[in-house]
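Undergrad: Got a structure here, written out as structure tokens. Questions coming.
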Amino acid sequence: MNSEEYLQRQINLIEGDNINVTKTSDLAQFFILISGIILIIISLYFFSDFFVHVFIKTMPNKTQVKLENILTAPVNKSDSPVLKKYSKEIEFLNETKDKIIQNDISLRNRNNIRIFVAKNSDINAFILPNGTIYFTSALLDEKLSDEELAFVLAHEMGHYAKRDHLLALSRSIIVQSILALLFFDGDATINLLVNGTSNLSSLHYSKKSEFEADRYAADTLVLLYGTKAGAVEFMQRLKNMKNEPPYFYYFSTHPTWQERLQLLNTY
Amino acid sequence: MIDIILLIIILSVIYMIGSIIEKNHFKKLKKKEVEYIKLPAVGFGCKNWSSNKQIKDVGIVCGEAAIGCDYFKMFVSNLKSFFGGRLTSVESVLDRARREAIVRMKEKAKKIGANVIINVKIESTMLNECEQKNMLPQCLVIAYGTAIKYE
């Protein structure tokens, strides 16, 4: 081989493909890895959610009461001015609660339910993971009839009976731990995110569980008053009350009144 | 959320800048390698090298190059090392550092007027140990050899 040929071959080696560097682009690699990680996180979420769901639905009543006792912080709000103002309503609600518990065998061994009033301008009622049901003062100011109030209470107790309040808590814990796994150190933004997910009044239930709670409430109304007219009446009231723009429903904690009314009528 | 958006912006900007720098570097390296192609650098000759030609001058020549890994490459390689496998994004950094070191060594030998470099060794070290988070790996390659000038 003469030297000219040899030089040309060397130059070709330099100009040609680089063996030491893989040809794949970094950007493609980046997207493959990111999508892989997102896929893993989503599957992790659904996997753990499924197992917690099975556990919560099948655990004995004793365990539920224990869990709720752990979650209960020692609070004594019995003499707050808000409670005094609405003492009549609370008395009625407590009576109705006892009636509902008497009618439902499954609730007899696990009635941790307490009823409180929260001062808030939103019309809402929600149940905390420890079984405390909060009625907002705005809801009680609406001067609902007894049947309507019983419907709202029975709806929240339907969540309790189906253990939705514990499910929502477990879901937020799963989200928190996944976030903590992702961002190893506790950044300020992460804390914000975590606080957002564990915000008590923003505990979301699935549409299915909302409808189940509605069904439970309608059943209870039929048992207590012989008719579910109170439920329909409450839905009509919601219809008249809520003239907010449609995106309100997107962020609200319950399905729209149309859907709920349809369910109650067909049920 | 702001953090994630900021991260995406930083990553995309650094990807663009980094890829331009890398492209230009490879272009320069190819040009210089072709320029010094007639100066052979060989790895043998530590003990039993002999030549028929008269030797006029002998000297050590070395070239060093420190190349930093950009943030995007580090991000991708960190993700990749989560699963394991070839860290393809940092391969080019090591390759650039090695070739740059050899080119600089040859450049120095050319200044002396050497005909051949024997007993070439290539060594690499990390400038920082990357113990702390958010520290970019920097690759340092040293190439050294004995430059020989014939009579």
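The values are calculated or read from the model by the stated rules, or taken from the named source; none is laboratory data. Computed from a predicted model, the values in this text were never measured in an experiment. Backbone-built Cβ (ideal geometry, glycine too); neighbour counts: all protein chains shown. Keep in mind that these areas ignore ligands, DNA and RNA; they rest on the heavy atoms of the full protein, side chains included. Shrake-Rupley method; radii C 1.70, N 1.55, O 1.52, S 1.80 Å.
Undergrad: Does the range B:49-64 contain at least one residue that is touching a Cys at 6+ places or on another chain (Cβ under 9 Å) and hydroxyl-bearing (Ser, Thr, Tyr)?
TA: No: the range B:49-64 contains no residue that is touching a Cys at 6+ places or on another chain (Cβ under 9 Å) and hydroxyl-bearing (Ser, Thr, Tyr).
Undergrad: Of the conditions (1) more than 10 Å from every other protein chain (Cβ to nearest Cβ); (2) assigned to a loop (DSSP other than H, G, I, E, B), residue B:13 fails just one. Which one is it?
TA: Of (1) more than 10 Å from every other protein chain (Cβ to nearest Cβ); (2) assigned to a loop (DSSP other than H, G, I, E, B), only one is false for residue B:13: (2).
Undergrad: Checking the conditions here, which among A:24, A:63 is polar (S, T, N, Q) and within 9 Å of chain B (Cβ to nearest Cβ)?
TA: Details: A:63 fails: within 9 Å of chain B (Cβ to nearest Cβ).
Checking each option against the conditions leaves just A:24.
Undergrad: Moving on. What tally of residues in the range B:45-83 results from selecting those that are open to solvent by 20 Å² or more (accessible area, probe 1.4 Å), within 12 Å of another protein chain (Cβ to nearest Cβ) and not in a helix (DSSP H, G or I)?
TA: Residues flagged as open to solvent by 20 Å² or more (accessible area, probe 1.4 Å), within 12 Å of another protein chain (Cβ to nearest Cβ) and not in a helix (DSSP H, G or I) within the range B:45-83 amount to 1.
Undergrad: Can you name every residue in the range A:27-48 that is closer than 30 Å to residue B:18 by Cα, surrounded by 12 or more Cβ atoms within 10 Å (Cβ to Cβ) and not aromatic (Phe, Trp, Tyr)?
TA: A:27, A:29, A:32, A:33, A:34, A:36, A:37, A:40, A:41, listed by residue number.
Undergrad: Can you tell me which residues in the range B:1-10 are among the β-branched types (Val, Ile, Thr) and either away from every other protein chain (no Cβ under 14 Å) or without any contact (Cβ under 8 Å) to a residue 60 or more places away in the chain (or both)?
TA: Hits for the range B:1-10 are B:2, B:4, B:5, B:8, B:9.
Undergrad: List pairs: first residue in the range A:151-172 and closer than 11 Å to residue A:209 by Cα, second residue aromatic (Phe, Trp, Tyr) and modelled with pLDDT of 80 or more anywhere in the structure, Cβ distance under 6 angstrom, at least six positions apart or on different chains.
TA: From residues that are closer than 11 Å to residue A:209 by Cα, the pairs are A:158/A:216.
Undergrad: Quick one: in the range B:84-127, of everything that is within 13 Å of chain A (Cβ to nearest Cβ) and of a type in the set (A, V, I, L, M, F, W, C), which residue is nearest to the chain's Cα centre (by Cα)?
TA: Checking each candidate, the answer is B:97.
Undergrad: I'd like to check something: does the range A:208-216 contain any residue that is modelled with pLDDT under 75, open to solvent by 40 Å² or more (accessible area, probe 1.4 Å) and not aromatic (Phe, Trp, Tyr)?
TA: no
Undergrad: Here's another thing I want to ask about it. Which of the residues that make up the range A:56-100 are modelled with pLDDT under 70, of a type in the set (Ser, Thr, Tyr) and open to solvent by 50 Å² or more (accessible area, probe 1.4 Å)?
TA: The one that is modelled with pLDDT under 70, of a type in the set (Ser, Thr, Tyr) and open to solvent by 50 Å² or more (accessible area, probe 1.4 Å): A:78.
Undergrad: Pick from B:55, B:60, B:9: which is in contact with a Phe, Trp or Tyr (Cβ under 9 Å, 6 or more places away or on another chain), β-branched (Val, Ile, Thr) and modelled with pLDDT of 90 or more?
TA: Only one candidate passes the filter, namely B:60.
Undergrad: Taking the stated definitions as given, is residue A:51 more than 12 Å from chain B (Cβ to nearest Cβ) and loosely packed, with under 14 Cβ neighbours inside 10 Å?
TA: When the stated conditions are applied, residue A:51 passes them.
Undergrad: Take the residues in the range B:25-44 that are touching a residue at least 24 places away in the same chain (Cβ under 8 Å) and more than 10 Å from chain A (Cβ to nearest Cβ), then tell me which one is surrounded by the fewest Cβ atoms within 10 Å (Cβ to Cβ).
TA: My answer is B:44.
Undergrad: Please determine, by comparing only the residues of the range B:84-127 that are free of Cβ contacts under 8 Å to residues at least 24 places away in the same chain and touching a strand residue (DSSP E or B) at 6+ places or on another chain (Cβ under 6 Å), which one is most open to solvent (accessible area, probe 1.4 Å).
TA: B:123
Undergrad: Of (1) part of a loop (DSSP other than H, G, I, E, B); (2) under 30 Å from residue B:151 (Cβ atoms), residue B:86 satisfies all except one. Which?
TA: Among (1) part of a loop (DSSP other than H, G, I, E, B); (2) under 30 Å from residue B:151 (Cβ atoms), residue B:86 violates only (2).
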